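Here the structure is laid out as structure tokens; the discussion comes afterwards.
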Amino acid sequence: MDWRSAFAAWRRPRAILWTVAGAVTVGFLVALEIAARHYGLPGPMTNQAKEVVLAPKSGPLLYASMALMMVVLPWRQRFVAAGVAVGIDVVFFLVRWAVDAKMMFGNGALWVVLGYAVIAVTRRTGRERVLLLKGVGLALLLVAGRKTGDTWLLITSKTRPTVLDQYVATADHALGNPSWVVGRVVRATGPVGSHLLDYVYIQLAVAAVVVALYQLRDVAKEGRFPSHHLVRTFLVIGLLGPGIYMLFPVVGPVFAYGPGATGTGGLHWAVGDLWPNTPPVGAPHPMPYDDLTPRNCMPSLHTAWATAIFIHSRKAPRALRIGGAFWLVATLGATLGFGYHYGADIIAGVVFTLTIEAALRSAARGWNRAGTQFVAYGTTVFGALLVSYRYLPVEMARHPWAFGPLLVLATASVIQGYIRTTRSWEPQVLPAVQPEPQPEPV
């Protein structure tokens, strides 16, 4: 009976879905590992395995991942896990200091996550095992997403020898060349503004974990994850975005038009030293670029992720709502002000995120007519943006007063459609019925 019950549970649609998703994820990681090895570099699985012992690339990300895993634990176990992670890191720190190795923390957090994976398999049963494995899987997916992204960026630089920056820069005339404008503003703020924006730009994943922890705060008490949360959106954005990089390779203004690519490109590959003082002019054409700089501009995934943080922080306490809004504004300032993106990338990133977010919410609650229509509309607008950037940039630059408002209106229509669609899914709170006044007895 136990064997039959287990087999019946495995055949349930949700179990089959999780099995297929796991198999696809493993297959995808193996494919990326093979692709990276083809270019003589370690892939995401190798890089992650190295961090069990060697200095991690990002310690804050590993601790943020461990924090996500701990949402399934009671408070006492959370304190124990955090203490063990810090203790392990202290030992690694002392050893590295003694042998004069690269200093970075985070190994302890990874050890704790892997340790709980072993505990889930060997010491837990039933729903407790499933819940703990989901927490471990969520943490490892966040870390694997970072490693996968690094490998994707390598592949884009190796397989796309030419870039389309001149097309996007020309189309950006319709928006008033925002990267050039914001770039001059950021330079005028001096090192204070630059350091603040740089911190916001680098620690985007940590900000996302803060919002996600609020959304997942009741997982241990309820024994289940909510049907939709920020981490799901983050992972899907990171999975689909690099595919667009391959279709529309762009390196960014500071690399294509400025000296900011020193060491990975520089003026040898750039059109000229133009950013952020002189917007480019002339007929666009594909331009060759080096095999080191990632083609990671179109769409702006930093904008996409910051938009997702903003959306998911709207129902949080006031401090998180303010933080989500600040992170979005600061990320936009960093992506444009450091010359990493064009204005066209920003618009595409917003449309990209809202479409993905609506699709995930529809899948979580059940597809209906409104959700399907909006996802189709968002996908159409996103495709139209890419096509116009590629085939109509000269016309867009010649008629900025026509195409600029069109781009803004198209984006605004997607934003308005998303708000209208998701509000229709909110439960309606009916006003309390007031009892009718009764006549006083005589």
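The residue pairs whose first member lies in the range 221-234 and is over 18 Å from PHE310 (Cα atoms) and of a type in the set (Phe, Trp, Tyr), whose second member is open to solvent by less than 10 Å² (accessible area, probe 1.4 Å) and in a loop (DSSP other than H, G, I, E, B), and whose beta carbons are closer than 6 Å, counting only pairs six or more residues apart or on different chains, do not exist in this structure.
Taking the options LEU154, LEU164, name whichever one is modelled with pLDDT of 90 or more, touching a helix residue (DSSP H, G or I) at 6+ places or on another chain (Cβ under 9 Å) and over 16 Å from HIS302 (Cα atoms).
On the way: LEU154 fails: modelled with pLDDT of 90 or more.
Going through LEU154, LEU164 in turn, the sole match is LEU164.
Residues in the range 177-200 that are open to solvent by less than 40 Å² (accessible area, probe 1.4 Å) and of a type outside the set (A, V, I, L, M, F, W, C): ASN177, PRO178, SER179, GLY183, GLY190, GLY193, SER194.
The lone criterion from (1) assigned to a helix (DSSP H, G or I); (2) touching a Phe, Trp or Tyr at 6+ places or on another chain (Cβ under 9 Å); (3) open to solvent by 40 Å² or more (accessible area, probe 1.4 Å); (4) not basic (Lys, Arg) left unmet by ALA363 is number (2).
Could you tell me whether any residue of the range 425-438 is modelled with pLDDT under 95 and part of a helix (DSSP H, G or I)?
First pass over the range 425-438, keeping only residues modelled with pLDDT under 95: 425-438.
Now narrow it down to the ones that are part of a helix (DSSP H, G or I): 425.
Checking the range 425-438: at least one residue is modelled with pLDDT under 95 and part of a helix (DSSP H, G or I).
For GLY333, the test of being more than 30 Å from PRO161 (Cα to Cα) and not β-branched (Val, Ile, Thr) is failed. For the range 300-351, filtered to residues that are more than 19 Å from VAL185 (Cα to Cα), hydrophobic (A, V, I, L, M, F, W, C) and free of Cβ contacts under 8 Å to residues at least 40 places away in the same chain, the residue that is least open to solvent (accessible area, probe 1.4 Å) is ALA325. I need the full set of residues from the range 299-332 which are closer than 15 Å to ILE346 by Cβ and outside any helix (DSSP H, G or I), in order please. Within the range 299-332, PRO299, SER300 meet the criteria. Residues of the range 106-151 being modelled with pLDDT of 90 or more, among the β-branched types (Val, Ile, Thr) and surrounded by fewer than 18 Cβ atoms within 10 Å (Cβ to Cβ), which ones? Answer for the range 106-151, where residues must be modelled with pLDDT of 90 or more, among the β-branched types (Val, Ile, Thr) and surrounded by fewer than 18 Cβ atoms within 10 Å (Cβ to Cβ): VAL118, ILE119, VAL121, THR122.
Within the range 83-110, the residues that satisfy the criterion of being touching a residue at least 24 places away in the same chain (Cβ under 8 Å) and within 24 Å of VAL211 (Cα to Cα) are ALA85, PHE105, GLY106, ASN107, GLY108, ALA109, LEU110. Applying the set (1) open to solvent by 70 Å² or more (accessible area, probe 1.4 Å); (2) touching a Lys or Arg at 6+ places or on another chain (Cβ under 9 Å); (3) within 25 Å of GLY27 (Cα to Cα) to LYS50 leaves exactly one unmet item: (2). Inside the range 34-75, residues that are within 21 Å of the chain's Cα centre (by Cα) and either farther than 30 Å from ARG124 by Cα or outside any helix (DSSP H, G or I) (or both) make up a count of 4.
Taking the range 161-171 as the range and being out of contact with any Asp or Glu (no Cβ under 9 Å at 6 or more places or on another chain) and not in a helix (DSSP H, G or I) as the test, the residues that pass are THR162, VAL163, LEU164.
Looking at PRO42, PRO56, can you tell me which residue is in contact with a Phe, Trp or Tyr (Cβ under 9 Å, 6 or more places away or on another chain) and either farther than 17 Å from LEU239 by Cβ or at pLDDT below 80 (or both)? Give the steps one after another, and end with the answer.
On the way: PRO42 fails: in contact with a Phe, Trp or Tyr (Cβ under 9 Å, 6 or more places away or on another chain).
Sole residue among the options that is in contact with a Phe, Trp or Tyr (Cβ under 9 Å, 6 or more places away or on another chain) and either farther than 17 Å from LEU239 by Cβ or at pLDDT below 80 (or both): PRO56.
The sole residue among LEU32, LEU68, LEU94 that is open to solvent by 90 Å² or more (accessible area, probe 1.4 Å) and either closer than 24 Å to LEU204 by Cα or modelled with pLDDT of 75 or more (or both) is LEU94.
In the range 177-200, the residues that are under 29 Å from PRO400 (Cα atoms) reach residues that are open to solvent by less than 80 Å² (accessible area, probe 1.4 Å) and of a type in the set (S, T, N, Q) with C-beta atoms within less than 7 angstrom, at least six apart or across chains, in these pairs: VAL186/SER194.
Looking only at residues of the range 201-247 that are of a type in the set (Lys, Arg) and in a helix (DSSP H, G or I), we find that the one that is surrounded by the most Cβ atoms within 10 Å (Cβ to Cβ) is ARG232.
Please tell me if ASP89 is among the acidic types (Asp, Glu), open to solvent by 40 Å² or more (accessible area, probe 1.4 Å) and not in a strand (DSSP E or B). Write out each step before concluding.
Working: among the acidic types (Asp, Glu): yes; open to solvent by 40 Å² or more (accessible area, probe 1.4 Å): no; not in a strand (DSSP E or B): yes.
Criteria not met by ASP89.
Restricting the range 7-29 to residues that are over 23 Å from LYS158 (Cβ atoms) and open to solvent by less than 50 Å² (accessible area, probe 1.4 Å) leaves a set whose member that is modelled with the lowest pLDDT is ALA9.
The values are calculated or read from the model by the stated rules, or taken from the named source; none is laboratory data. All values derive from a computational prediction rather than experimental measurement. Neighbour counts are summed over all protein chains in view; Cβ atoms, including those assigned to glycine, are modelled from backbone coordinates with ideal geometry. For the accessible areas, the whole protein counts, side chains as well, though only heavy atoms, and no ligand, DNA or RNA atoms are used. Shrake-Rupley method; radii C 1.70, N 1.55, O 1.52, S 1.80 Å.
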